[in-house]
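Q: Following this message is one structure expressed as structure tokens.
The values are calculated or read from the model by the stated rules, or taken from the named source; none is laboratory data. Everything numeric here is computed off the predicted structure, so don't read it as measured data. Neighbour counts run over all protein chains shown; Cβ positions are idealised from the backbone, glycine included. Just the protein is used for accessible areas: all its heavy atoms, side chains included, with ligands, DNA and RNA removed. Shrake-Rupley method; radii C 1.70, N 1.55, O 1.52, S 1.80 Å.
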Amino acid sequence: MASRLLYVMDPMCSWCWGFAPVVEALAEQAAAASVPLQIVVGGLRRDQVAVDAAARVRYLGYWQAVNASTGQLFDFERGLPEGLVYDTEPACRALVTARNLHAPSAWTLLKLIQEAFYTEGADVTQASVLVQLAEQAGIPRIEFAEAFDSQAMEEATAADFTWVQDLGISGFPTLLAERDGQLALLTNGYQPLEVLSPLLGRWLERAAHA
């Protein structure tokens with residue numbers, strides 16, 4: 001009986017950055033039971049205009065809340081650089097591209113994108129930035145760039161977005177457990193490890209004996 005975990009998220013979602021250490025620990029817990037964890041991208045925002053001063057204040061308020069709740073670090077000075085168009089599709093497509101080219105690299109790339117955006121003030125909506133980060137994640141630059149620009153990856157990213165919308169998932173991070181096509185919700189929204197680890201443990205135990 002095939003089992004897996006699905007991590008529904010967006011690399012430019014601040015609560016997903018806050019959740020990063022938790023999901024990393026849960027991935028290890030699941031891997032110990034030979035259950036893989038796959039990234040599914042949700043498509044948080046598709047803005048077409050640059051973030052203005054009022055929006056930046058509002059977003060930084062979200063970041064401060066995440067920092068206060070989770071302890072994850074943010075660069076509040078350089079974050080959300082002037083001219084940023086808050087369209088998360090390119091960063092999501094980068095993860096889908098990595099997932100298709102070399103699945104384990106998607107996790108490395110996710111961490112690099114999140115760190116660049118939240119702690120270094122990088123504009124991770126730019127293809128040039130994403131290609132550079134993918135190279136750091138170990139994916140050959142030309143191979144990644146060609147795949148990232150392809151219609152196939154655009155369609156694969158859109159398919160992730162549609163799957164998430166069709167499930168009615170509106171908040172990230174969301175963690176789903178799947179066994180034989182049946183989905184169970186572990187969390188919709190941030191929860192600390194001490195809450196989620198026992199939940200996952202019980203699910204893994206049931207999955208092992210099913």
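Q: Which residue out of A98, A106, A127, A147 is modelled with pLDDT of 95 or more, touching a strand residue (DSSP E or B) at 6+ places or on another chain (Cβ under 8 Å) and closer than 21 Å to F161 by Cα? Before the answer, list the steps.
A: On the way: A98 fails: touching a strand residue (DSSP E or B) at 6+ places or on another chain (Cβ under 8 Å); A127 fails: touching a strand residue (DSSP E or B) at 6+ places or on another chain (Cβ under 8 Å); A147 fails: touching a strand residue (DSSP E or B) at 6+ places or on another chain (Cβ under 8 Å).
Among A98, A106, A127, A147, only A106 is modelled with pLDDT of 95 or more, touching a strand residue (DSSP E or B) at 6+ places or on another chain (Cβ under 8 Å) and closer than 21 Å to F161 by Cα.
Q: If a residue has to be more than 11 Å from T97 (Cα to Cα) and either among the aromatic types (F, W, Y) or surrounded by fewer than 20 Cβ atoms within 10 Å (Cβ to Cβ) (or both) to count, how many in region 130-141 make the cut?
A: 6
Q: Taking region 111-129 as the region of interest, how many residues are buried (at least 19 other Cβ atoms within 10 Å of the Cβ) and in contact with a Phe, Trp or Tyr (Cβ under 7 Å, 6 or more places away or on another chain)?
A: Number of matching residues: 3.
Q: Here is a list: F148, F144. Which entry is touching a residue at least 12 places away in the same chain (Cβ under 8 Å), more than 30 Å from G71 (Cβ to Cβ), in contact with an Asp or Glu (Cβ under 8 Å, 6 or more places away or on another chain) and surrounded by 18 or more Cβ atoms within 10 Å (Cβ to Cβ)? Please lay out each step first, then the result.
A: Numbers: F148 fails: in contact with an Asp or Glu (Cβ under 8 Å, 6 or more places away or on another chain).
After applying the criteria, what remains is F144.
Q: Just to be sure, is Q165 part of a loop (DSSP other than H, G, I, E, B) and open to solvent by 60 Å² or more (accessible area, probe 1.4 Å)? Talk me through it step by step, then tell me what you get.
A: On the way: part of a loop (DSSP other than H, G, I, E, B): no; open to solvent by 60 Å² or more (accessible area, probe 1.4 Å): yes.
In short, no.
A quick yes/no check of all residues on (1) out of contact with any helix residue (DSSP H, G or I) (no Cβ under 8 Å at 6 or more places or on another chain); (2) of a type in the set (F, W, Y); (3) open to solvent by less than 30 Å² (accessible area, probe 1.4 Å):
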| site | (1), (2), (3) |
| --- | --- |
| A2 | yes, no, no |
| C13 | yes, no, yes |
| L26 | no, no, yes |
| V35 | no, no, yes |
| D47 | yes, no, no |
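Q: Can you find a residue in region 180-199 that is surrounded by 12 or more Cβ atoms within 10 Å (Cβ to Cβ), charged (D, E, K, R) and either touching a residue at least 24 places away in the same chain (Cβ under 8 Å) or in a strand (DSSP E or B) (or both)?
A: no
Q: With G61, G43 as the choices, which residue is of a type outside the set (D, E, K, R), at positive phi and open to solvent by less than 40 Å² (accessible area, probe 1.4 Å)?
A: Of G61, G43, the one residue that is of a type outside the set (D, E, K, R), at positive phi and open to solvent by less than 40 Å² (accessible area, probe 1.4 Å) is G43.
Q: Looking only at residues in region 71-91 that are in contact with a Pro (Cβ under 9 Å, 6 or more places away or on another chain) and in a loop (DSSP other than H, G, I, E, B), which one is least open to solvent (accessible area, probe 1.4 Å)? Break it down into steps so the answer makes sense when it comes.
A: Here is the first cut: in region 71-91, the residues in contact with a Pro (Cβ under 9 Å, 6 or more places away or on another chain) are 71-72, 88, 91.
From what is left, the residues that are in a loop (DSSP other than H, G, I, E, B) are 71-72, 88.
Details: G71: 48, Q72: 32, T88: 0 Å².
Going through the qualifying residues, I end up with T88.
Q: Still on this structure, I have one more. Can you tell me how many residues in region 38-59 are over 18 Å from F161 (Cα atoms) and within 19 Å of the chain's Cα centre (by Cα)?
A: In the first step, residues of region 38-59 are kept if they are over 18 Å from F161 (Cα atoms); the result is 49-59.
From what is left, the residues that are within 19 Å of the chain's Cα centre (by Cα) are 59.
Final tally of qualifying residues: 1.
Q: Name the one entry in G181, G138, G189 that is within 17 Å of the chain's Cα centre (by Cα) and small (G, A, S).
A: Answer to the selection: G189.
Q: Looking at the structure I just gave you, is S170 part of a loop (DSSP other than H, G, I, E, B) and either at pLDDT below 95 or open to solvent by 20 Å² or more (accessible area, probe 1.4 Å) (or both)?
A: On the way: part of a loop (DSSP other than H, G, I, E, B): yes; either at pLDDT below 95 or open to solvent by 20 Å² or more (accessible area, probe 1.4 Å) (or both): yes.
Criteria met by S170.
Q: Next up: For region 1-25, what are the residues that are outside any strand (DSSP E or B) and aromatic (F, W, Y)?
A: Going through region 1-25, the residues outside any strand (DSSP E or B) turn out to be 1-2, 10-25.
W15, W17, F19, listed by residue number.
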